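Here the structure comes first, spelled out in structure tokens, and everything after it is commentary.
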Amino acid sequence: MWERNLVLSAPGKVILHGEHAVVHGKVALAVALDLRTFLRLRPCAEGRVCVRLPGVGVVRSWDTPRLQALRRGFAGRRWEPDPAAQQLDTLREFAGIAAGASAPESLATLAFLYMCLAISAKYGDVLSVDILVWSELPTGAGLGSSAAYAVCLAAALLTACGAISCPLKEGESTARWTEEELTLINSWAFQGERVIHGNPSGVDNAVGTWGGALRYQSGKITPLKRVPTLRILLTNTKVPRSTKVLVAGVKEKILKFPAIMNPVLDSIDAISQECQSVLEAMPANPSPEYYPVLEELFDINQHHLNVIGVGHPSLDRLCRVTASHGLHSKLTGAGGGGCGITLLRPDTSPLAVEAAKRDLCACGFECWETNIGAPGVTLHSFSSLNAEVLHALSES
Ligand SMILES: Nc1ncnc2c1ncn2[C@@H]1O[C@H](COP(=O)(O)OP(=O)(O)O)[C@@H](O)[C@H]1O
Ligand SMILES: C[C@@](O)(CCOP(=O)(O)O)CC(=O)O
Ligand SMILES: [Mg+2]
């Protein structure tokens with residue numbers, strides 16, 4: 001029986017280049033954001049599993065014996081590591097989720113149940129735990145909230161069932177797991193992403209797990225050799241969209257027009273590689289001369305993303321507004337709304353940034369300057385949390 005309280009967090013991400021193409025084996029470059037999802041796990045005495053997900057309006061609890069019985073119903077079938085359609089159908093029926101439901105609360109509940117049962121089937125009994133997840137990230141906006149959620153769940157459930165250690169020692173404020181443990185967290189988080197995304201590339205959960213700045217291709221994760229300080233303005237158009245639907249739409253387009261779409265994906269791949277070379281050649285505090293290439297790569301990729309069908313009028317508007325201030329933008333994540341990123345030069349004046357922000361806000365968008373390269377999944381002591389997180393996690 002698990003007897004400790006745990007608090008852990010995982011970062012969201014920004015994809016600089018390679019979204020969608022990465023699902024089809026191309027290179028993506030992604031960096032961890034300084035916005036995180038937090039999970040608190042507490043032992044729950046009465047043989048129940050409780051889950052509260054205020055970001056998507058879920059408050060559910062189940063008797064542990066019912067979950068054990070459900071898990072036993074799959075005896076002889078492997079629970080790991082592949083959410084088979086039939087298993088998900090059974091879980092939907094159990095949780096009263098309609099077939100094909102794609103509302104945030106349905107996907108979040110399904111991912112939780114899948115991970116809870118699959119991990120317990122592999123590593124021990126279903127534990128009586130109370131889980132609360134709270135996030136600084138907007139949900140469904142292209143910043144990897146689904147992956148941050150899946151990474152937090154994987155880390156918490158694997159720790160509670162003893163599959164990985166609890167590295168936080170008395171008196172320490174934060175701690176991280178070993179490389180081997182992170183690899184296990186990442187592989188289970190990928191399964192959670194599969195429940196939410198359908199066919200994820202794995203780039204988002206890799207960034208959520210390892211943090212920093214990564215090159216990702218077909219499961220191969222390579223930390224970038226050197227990442228300069230990049231100033232990035234993030235803008236949320238607040239237009240809702242679903243990654244699962246957009247990823248499926250791109251696949252359909254590729255199947256319909258392979259000779260037209262595959263060269264576009266190859267070009268996106270070349271953009272990611274070019275961007276990587278430029279970033280790795282830049283000094284830590286780069287001078288403005290490196291920026292024209294980075295800006296042009298943003299522009300070209302934004303056109304490509306429109307070609308593969310994941311643009312949106314709100315994103316076109318975002319690009320036009322920033323262009324009127326001499327700044328270059330592209331969508332980030334799955335597109336179809338959600339967020340765009342704008343590259344700021346080291347010499348972009350605070351006044352110019354403020355003017356661009358004002359015009360973006362006048363469109364009903366929300367924007368903020370970010371820090372990138374945040375640490376991956378991390379355990380926290382309560383005393384190390386800031387007041388806002390502490391308040392959110394103290395709600396019971
Ligand atoms: N804080 C959270 N709590 C519970 N579920 C979450 C949370 N954040 C994200 N999710 C799940 O992830 C889904 C959004 O994922 P997705 O469409 O991939 O967008 P993104 O990953 O860009 O935010 C939501 O519908 C929900 O199921
Ligand atoms: C479109 C895609 O490349 C990124 C999706 O990111 P997000 O869920 O929109 O944050 C899909 C994937 O890589 O799995
Ligand atoms: Mg996602």
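The values are calculated or read from the model by the stated rules, or taken from the named source; none is laboratory data. Since this is a predicted model, take the numbers as computed values, not measurements. Note: ideal-geometry Cβ built from the backbone for every residue, glycine included; neighbour counts use all protein chains shown. The accessibility values were calculated without ligands, DNA or RNA, using every heavy atom of the protein model including side chains. Shrake-Rupley method; radii C 1.70, N 1.55, O 1.52, S 1.80 Å.
What to note about this one:
- Test: residue in the range 91-107 that is open to solvent by less than 30 Å² (accessible area, probe 1.4 Å), touching a residue at least 40 places away in the same chain (Cβ under 8 Å), assigned by TED's automatic domain parsing to the domain that holds residue 212 and away from ligand 2 (no atom under 16 Å from the Cβ): no
- Identity of the residue in the range 225-245, open to solvent by 30 Å² or more (accessible area, probe 1.4 Å) and among the aliphatic types (A, V, I, L, M), that ends up farthest from ligand 2 (Cβ to nearest atom): 227
So that you can scan it fast, the table gives a plain yes or no per residue for (1) touching a strand residue (DSSP E or B) at 6+ places or on another chain (Cβ under 8 Å); (2) over 30 Å from residue 221 (Cα atoms); (3) in the same structural domain as residue 256 (by TED's automatic domain parsing):
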residue	(1), (2), (3)
299	yes, no, yes
304	no, no, yes
313	no, yes, yes
325	no, yes, yes
336	no, no, yes
352	no, yes, yes
365	yes, yes, yes
388	no, yes, no
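- Condition met for residue 6 (under 17 Å from residue 130 (Cα atoms), buried (at least 24 other Cβ atoms within 10 Å of the Cβ) and either among the aliphatic types (A, V, I, L, M) or in the same structural domain as residue 251 (by TED's automatic domain parsing) (or both)): no
- Residue match in the range 119-136 (condition: at pLDDT 95 or above, open to solvent by 20 Å² or more (accessible area, probe 1.4 Å) and within 8 Å of ligand 1 (Cβ to nearest atom)): yes
- Residue check, residue 83 buried (at least 19 other Cβ atoms within 10 Å of the Cβ), in contact (Cβ under 8 Å) with a residue 40 or more places away in the chain, under 30 Å from residue 341 (Cα atoms) and out of contact with any His (no Cβ under 7 Å at 6 or more places or on another chain): no
- When residues of the range 14-70 are limited to those that are assigned to a helix (DSSP H, G or I) and at pLDDT 95 or above, the one farthest from ligand 2 (Cβ to nearest atom): 54
Yes/no matrix, rows are residues, columns are (1) under 22 Å from residue 38 (Cβ atoms); (2) within 12 Å of ligand 3 (Cβ to nearest atom); (3) modelled with pLDDT of 95 or more:
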site: 184; (1), (2), (3): yes, no, yes
site: 193; (1), (2), (3): yes, yes, yes
site: 206; (1), (2), (3): yes, no, yes
site: 209; (1), (2), (3): yes, no, yes
site: 218; (1), (2), (3): no, no, yes
site: 221; (1), (2), (3): no, no, yes
site: 226; (1), (2), (3): no, no, no
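- When 267, 314, 277, 324 are checked against the criterion of being closer than 18 Å to residue 364 by Cα, of a type in the set (Ser, Thr, Tyr) and open to solvent by 30 Å² or more (accessible area, probe 1.4 Å), a single residue qualifies: 324.
- Pair list, Cβ under 6 Å, 6 or more apart: the range 135-148 residue at positive phi and part of a loop (DSSP other than H, G, I, E, B), other residue surrounded by 24 or more Cβ atoms within 10 Å (Cβ to Cβ) and not small (Gly, Ala, Ser): 142/332; 142/339; 144/13; 144/204
- Residue match in the range 238-250 (condition: within 16 Å of ligand 1 (Cβ to nearest atom) and not assigned by TED's automatic domain parsing to the domain that holds residue 328): no
- Any chance residue 128 is of a type in the set (Gly, Ala, Ser), within 16 Å of ligand 3 (Cβ to nearest atom) and assigned by TED's automatic domain parsing to the domain that holds residue 189: no
- Residue match in the range 187-204 (condition: without any contact (Cβ under 8 Å) to a residue 40 or more places away in the chain and open to solvent by less than 20 Å² (accessible area, probe 1.4 Å)): yes
- Matching entry among 253, 220 (being more than 13 Å from ligand 2 (Cβ to nearest atom) and over 15 Å from residue 22 (Cβ atoms)): 253
- Residue selected from the range 207-227 under the condition free of Cβ contacts under 8 Å to residues at least 40 places away in the same chain and under 16 Å from the mean Cα position of the chain (by Cα), by the criterion farthest from residue 282 (Cα to Cα): 219
Here's the yes/no breakdown for (1) modelled with pLDDT under 95; (2) away from ligand 2 (no atom under 16 Å from the Cβ); (3) in contact with a Pro (Cβ under 9 Å, 6 or more places away or on another chain); (4) not polar (S, T, N, Q):
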{"residue": "309", "(1), (2), (3), (4)": "no, no, no, yes"}
{"residue": "313", "(1), (2), (3), (4)": "no, yes, no, yes"}
{"residue": "351", "(1), (2), (3), (4)": "yes, yes, no, yes"}
{"residue": "359", "(1), (2), (3), (4)": "no, yes, no, yes"}
